[in-house]
Amino acid sequence: MSTTSTGVLVLLGAPLGNPEDASSRLRTELARADVIAAEDTRRLRRLLSELDLVPAAAITSYFEANESGKTGTLLEQLHEGRRVAVITDGGMPSVSDPGFRLVKAAADAGITVTSAPGASAVTTALALSGMPCDRFCFEGFAPRKDGERRRLFAELAEERRTMVFFESPRRVAETLRAMSSAIGEDRPAALCRELTKTHEEVRRGTLGSLAEGAEADPPRGEITLVVAGWTGPDASEATPEAMAAAVAALEAAGTDRKAAMKEVAVKYGVSRRDVYDAVLKAD
């Protein structure tokens, strides 16, 4: 056991599924730790078996339901000089997983926080999606309540960065439908599931086609969604004159007015009512 005056908190990047992705640093830290706080102790023991490790550390559970209560205990152990490692089922702790509360508490107490970086479903899915990776934002899990979810997606409709979300297989079809409605059914997207595992799959298409596919062939396992950013005009370009002219041009090309107004609303990222008002003013 460590004997330093204060301990060290180590965040361990766990393999997403394939144990061969475990780094030598991860192995070292698992063997070196005094305490290992695991999101799922059974999965940790399976990983330890796959890595042929038998650590001397005390193993304790640290997951969403007990994170608030366990943080104080782990902080006390850090104050006692122990080396505490936090590991989740896959990826980095704190990223939509347990760890944030302990990191903040340790940092506020002046305790050293370090990491053995490893796999990340966010960046892995982003790289595999085929979409721009130079600028992106991570939105975690979408709200479960329909109203909150719709409001979030409406706010993100004009987000220009590539967006990354986590979602459960039970809700993914519903989430994709909500995204399609608020962001646009033609927006490019990718559904990535079971990354690095035997049944890894990346479905690429539009939000509309992915929603249909998720309903017809429900995906299983852990899912990461990647959605392309908005590429339309800036909001400042959505003047009444510009929108009315765009509708007139589409009508002249043979598109009926209702369809033309819908297309212009999507193009400028505004409501159809805004386009209707612009056309009415121009008539």
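The values are calculated or read from the model by the stated rules, or taken from the named source; none is laboratory data. Note that the structure is predicted; figures quoted are calculated from it, not measured. Note: ideal-geometry Cβ built from the backbone for every residue, glycine included; neighbour counts use all protein chains shown. Ligands, DNA and RNA are stripped out before the accessible areas are found, and what is left, the full protein with its side chains, is counted by its heavy atoms. Shrake-Rupley method; radii C 1.70, N 1.55, O 1.52, S 1.80 Å.
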Query raised in the report: Scanning region 72-98 for residues that are under 30 Å from Glu201 (Cα atoms) and in contact with a Gly (Cβ under 6 Å, 6 or more places away or on another chain), which turns out surrounded by the fewest Cβ atoms within 10 Å (Cβ to Cβ)?
Result: Ser96
Report summary line: Phe138 vs (1) among the aromatic types (Phe, Trp, Tyr); (2) open to solvent by less than 20 Å² (accessible area, probe 1.4 Å); (3) in contact with a strand residue (DSSP E or B) (Cβ under 9 Å, 6 or more places away or on another chain): all pass except (2)
Query raised in the report: Restricted to region 118-132, and to residues that are modelled with pLDDT of 95 or more and over 12 Å from the mean Cα position of the chain (by Cα), which residue is surrounded by the most Cβ atoms within 10 Å (Cβ to Cβ)?
Result: Ser129
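Which one is least open to solvent (accessible area, probe 1.4 Å) among residues in region 55-71 that are in a helix (DSSP H, G or I) and of a type in the set (S, T, N, Q)?
Here the residue is Thr71.
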Report summary line: With criteria (1) without any contact (Cβ under 8 Å) to a residue 40 or more places away in the chain; (2) in a helix (DSSP H, G or I); (3) over 22 Å from Ser271 (Cα atoms), Gly208 comes up short on (3)
Requested in this report: Would you please list the contacts, defined by Cβ atoms under 8 Å and residues six or more apart or on different chains, that run from a residue in region 147-170 that is farther than 22 Å from Val95 by Cβ and touching a residue at least 60 places away in the same chain (Cβ under 8 Å) to a residue that is part of a loop (DSSP other than H, G, I, E, B) and of a type outside the set (Phe, Trp, Tyr)?
Outcome: Ala157/Gly184; Ala157/Gly269; Glu158/Gly232; Glu158/Gly269; Arg160/Arg135; Arg160/Gly229; Arg160/Thr231
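Matching residues to (1) open to solvent by less than 90 Å² (accessible area, probe 1.4 Å); (2) closer than 26 Å to Glu155 by Cβ:
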residue: Thr239; (1), (2): yes, yes
residue: Ala242; (1), (2): yes, yes
residue: Val247; (1), (2): yes, yes
residue: Glu251; (1), (2): yes, no
residue: Thr255; (1), (2): yes, no
residue: Val264; (1), (2): yes, yes
residue: Tyr268; (1), (2): yes, yes
residue: Arg272; (1), (2): no, yes
residue: Lys281; (1), (2): no, no
Requested in this report: Just give me the residues in region 99-117 being assigned to a loop (DSSP other than H, G, I, E, B) and either open to solvent by less than 40 Å² (accessible area, probe 1.4 Å) or more than 22 Å from Pro15 (Cα to Cα) (or both), in sequence order.
Outcome: Gly99, Ala109, Gly110, Ile111
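If you scan region 15-38, which residues turn out to be part of a loop (DSSP other than H, G, I, E, B), in contact with a strand residue (DSSP E or B) (Cβ under 7 Å, 6 or more places away or on another chain) and open to solvent by 20 Å² or more (accessible area, probe 1.4 Å)?
Just the residues of region 15-38 that are part of a loop (DSSP other than H, G, I, E, B), to begin with: 15-18, 22-23, 33-34.
Still in the list and also in contact with a strand residue (DSSP E or B) (Cβ under 7 Å, 6 or more places away or on another chain): 16, 23, 33-34.
Of everything in region 15-38, those that are part of a loop (DSSP other than H, G, I, E, B), in contact with a strand residue (DSSP E or B) (Cβ under 7 Å, 6 or more places away or on another chain) and open to solvent by 20 Å² or more (accessible area, probe 1.4 Å) turn out to be Ser23, Asp34.
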Query raised in the report: Within region 40-54, can one find any residue that is free of Cβ contacts under 8 Å to residues at least 40 places away in the same chain, in a strand (DSSP E or B) and hydrophobic (A, V, I, L, M, F, W, C)?
Result: no
Query raised in the report: When you go through Ala173, Ala189, Ala178, Ala182 one by one, which is the residue that is at pLDDT 95 or above, assigned to a helix (DSSP H, G or I) and touching a Lys or Arg at 6+ places or on another chain (Cβ under 8 Å)?
Result: Ala178
